[in-house]
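Notes for the one structure printed next.
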Amino acid sequence: MVAPAFILMFLLLLGPLLGVIALSFTDYQLGSPSFSWIGLSNYQDMFGDRVFWLSLRNTLTYVAIVVPAAVALGLAVALLIESGGSLRTWYRTIYFLPVMATLIAMSIVWEFMLHPQFGLINGLLHGIGLEGFSWLQDRRTALYALCVIGIWQALGFNMVLFLAGLVSIPRQLYDAAEIDGAHSAWARFRLVTWPMLGPTTVFVVVITGIRSFQVFDTVHVLTKGGPSKSSEVLIHTMYIESFEFFRSGYGAALTVVFLAFVLLLTLVKSALANRGVHYA
Amino acid sequence: MTPRHRSLVWSATRHLLLLCGAVFILLPFVWMISTASKPQTEIFTKSIHFIPQTFALWDNFATAFGKASLWRFLVNGVVVTASIFVLQVLIALPAAYALAKLRFAGREVLFALVLFCILIPPQATAIPVFLLFHQLGILDSYAALIVPFTISAFGIFLMRQFFKTVPDDLIEAARMDGISEFGIVWRVMLPTAIPALTAFGIFSVVAHWNDYFWPLIVLNSEHLRTPPLGVASFRNEEAGTNYGPLMAAAIVIIAPLVVAFLLAQRRFIEGITLTGIK
């Protein structure tokens, strides 16, 4: 009964996972008849490569912008929706829409909105007397434009997770806080909502973090990592090296770096979960 | 201020803030529909107007369907996502049943492996799976699009958790009636699991309909392109000249999931937030 599932699990998940680590110690290139073990050579090349460091820095910048923004805005929207009775479903539906819409198609829409001459964004900026940008073609703005799209897409997902977290907070806690003198909305948030949302928040931060590390679709369609590598990110570098230049060994080393970061985030999550963030 | 006034002010502030956010969220959708409804001459102007003077939506749809094989992309999307889901269920359900209800040596180890596999991001296995498919000679085919996702560790985990809650008496009774273990999976467990399976189905279909990374790696042929790949290649061919039809194509690609979502919001939100557990 378990045989088909576990055979496929070894063949398509565990095997390839070990494979990618092994491959990172070889000089294998797709199509070449043989390969040899070259130890840490790929890693040495990688650490000596300017593009790798740029790519890593851009990925970390992207994560450092998208995670706080998408988590804070997701929480803010969830709190605003919960704080009143009217139009709840409407707002929830609207904010969740970008999660459903195929990101590639919406990236193309964003590209047109960010068009230097005929784009909506620059048009609006001109309307209030500001100078526009060539957002995606300018190395000063390309990465940040991608961050905005990332936030736009992740916000609604986080909102829904926070809404679920808010619903599970017992009403009596708010009554108790009120009796103890927490009269302002801020006091109730600080004393009840925020501590009780602890586990949800950790979880949302880690999920958004992992997803942000995987950023690829928008980069590949809109900037190809450019201009002059200013929006190059880890998975995009990995894609180019492995599937355009077919340097499988080197691509595998990049994958291992990516895996290390994802693993780190997962460990942070379980460490915090075990410390019981609940009643922090 | 009286409490009544205060609550009125708060209510107005709440709506104002939420509406501002909603404008930011909806702007791309509105601009997409607006641009898709405009003729070329109205698109390339510096003045911003949302309502087109000449309504050209049908022309743009016609051009989009004429220039790109949109139908083909949609059919491919349906074939690939449906095949993936059916195979995931066929493979995951027996395993989930065994892990939840049967006693056998190594069960805990296997379950631990499932939990571990949930954490493996799809990008991590891409290079070895690509090389394997290259060896087998099945790159650039439906099989290449479908096979890597036939095993869903997350699906096994989810269904196992659900099967845990099914009473043992139900299974005992089925065994008394002489139903085989596989029969129990499909005739007893499956019907009880429809809600969980629906949620998982939505999760799976949305993920694979929207997936861009893997199809991009394994495909060459135009006739196999999935919706995201199709619309991306249409954009490359038009190279920033034909925005009306391009936006019309974007509408076509996102429409199936967005319409389904609007019709069954609660189920979709449940299904998608399952990734939460992931």
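Computed from the coordinates by the stated procedures, all read-outs in this text should not be read as laboratory data. Computed from a predicted structure; not experimentally measured. No Cβ is skipped: glycine too gets one built from the backbone with ideal geometry, and neighbour counts run over all protein chains shown.
So, counting K/R as plus one and D/E as minus one, what does the shell of residues with Cβ under 9 Å around residue A:226 add up to?
Details: positive: A:139, A:224, A:229; negative: A:232.
It works out to a net charge of +2.
Between segment A:91-163 and segment B:1-53, how many Å separate their Cα centres?
First find each Cα centre; the distance between them is then 14 Å.
May I ask for the angle, rounded to the nearest 10°, between helix A:248-274 and the longest principal axis of chain A, with both axes built from Cα atoms and the value confined to 0 to 90°?
30 degrees
Which value at 222 nm does the protein assembly as shown reach when only helices count, each DSSP H run of 4 or more adding -39,500 (n - 2.57), with the total divided by all residues and rounded to the nearest 500 deg cm²/dmol? List each step's numbers first, then the result.
On the way: 28 runs with 377 residues, N = 558.
Mean residue ellipticity at 222 nm (helix-derived): -21500 deg cm²/dmol.
Are there any chymotrypsin sites (Phe, Trp or Tyr not before Pro) in segment B:90-186 that are in a DSSP loop and have at most 10 other Cβ atoms within 10 Å? List them by number. Mind dumping the intermediate values first?
On the way: sites: B:97, B:104, B:111, B:116, B:130, B:133, B:142, B:149, B:154, B:157, B:162, B:163, B:182, B:186; in loops: B:104.
Listed in order of number, the matching sites are B:104.
Enter the Cα centre distance for the pair segment A:219-234 and segment B:164-188, rounded to the nearest angstrom.
So the separation of the two Cα centres works out to 54 Å.
Grab the protein assembly as shown and count how many Lys pairs have their alpha-carbon atoms under 18 Å apart, sequence gap of 8 or more, or different chains. Before the final figure, lay out each step's value.
Numbers: A:269/B:278; B:38/B:46; B:38/B:67; B:101/B:164.
Close lysine pairs found across the protein assembly as shown: 4.
Please give the net charge around residue B:142, taking every other residue with its beta carbon less than 15 angstrom from that of residue B:142, where Lys and Arg add +1 and Asp and Glu add -1.
Every neighbour counted, the sum reads -1.
Looking at the square roots a ≥ b ≥ c of the eigenvalues of the Cα gyration tensor of chain B, which shape do they give, rounded for a/c under 1.5, prolate if a/b is larger than b/c, or oblate?
Working: a/c = 2.60, a/b = 1.44, b/c = 1.80.
The shape class here is oblate.
If we count every other residue with Cβ under 10 angstrom of residue A:237's Cβ, Lys/Arg +1 and Asp/Glu -1, where does the sum land?
Numbers: positive: A:229; negative: A:49, A:232, A:241.
With Lys, Arg at +1 and Asp, Glu at -1, the net is -2.
Are there trypsin sites (Lys or Arg not before Pro) in segment B:77-114 that DSSP marks as loop and that have at most 16 other Cβ atoms within 10 Å, and which are they? Can you show the working numbers first?
Details: sites: B:101, B:103, B:107; in loops: B:103.
Answer by residue number: B:103.
By what distance, in whole Å, do the Cα atoms of chain A stretch along each of the three principal axes, largest value first?
75, 59, 38 Å, listed from the longest principal axis down.
Counting alpha carbon pairs within less than 8 Å and at least 6 residues apart, what relative contact order, in whole percent, applies to segment B:140-270?
Values: 61 pairs, mean separation 36.2, N = 131.
Normalised by residue count, the contact order of segment B:140-270 is 28 percent.
Checking understanding here: applying a Kyte-Doolittle mean of at least -0.5 and a length along the axis of at least 30 Å (C-alpha), which whole DSSP H helices in chain B pass?
On the way: long enough: B:3-36 (48 Å, 1.01); B:70-101 (46 Å, 1.63).
Sorted by number, the helices that extend far enough and score high enough are B:3-36, B:70-101.
Given the protein assembly as shown reduced to its alpha-carbon atoms as identical point scatterers, what log10 I(q)/I(0) does the Debye formula return at q = 0.05, 0.12, 0.13 Å⁻¹?
With no solvent term, the Cα-only Debye profile gives -0.23, -1.32, -1.49.
Provide, for q = 0.13 Å⁻¹, the log10 of I(q)/I(0) from a solvent-free Debye sum over equal Cα point scatterers in segment B:191-278.
-0.55
Using only Cα atoms, tell me the angle between helix A:142-167 and the longest principal axis of chain A; keep it within 0 to 90° and round to the nearest 10.
50 degrees
Given A:112, A:221, A:205, which one lies farthest toward the positive end of the charge dipole of segment A:46-277, if we put +1 on the Cβ of every Lys and Arg and -1 on the Cβ of every Asp and Glu?
Selected residue: A:205.
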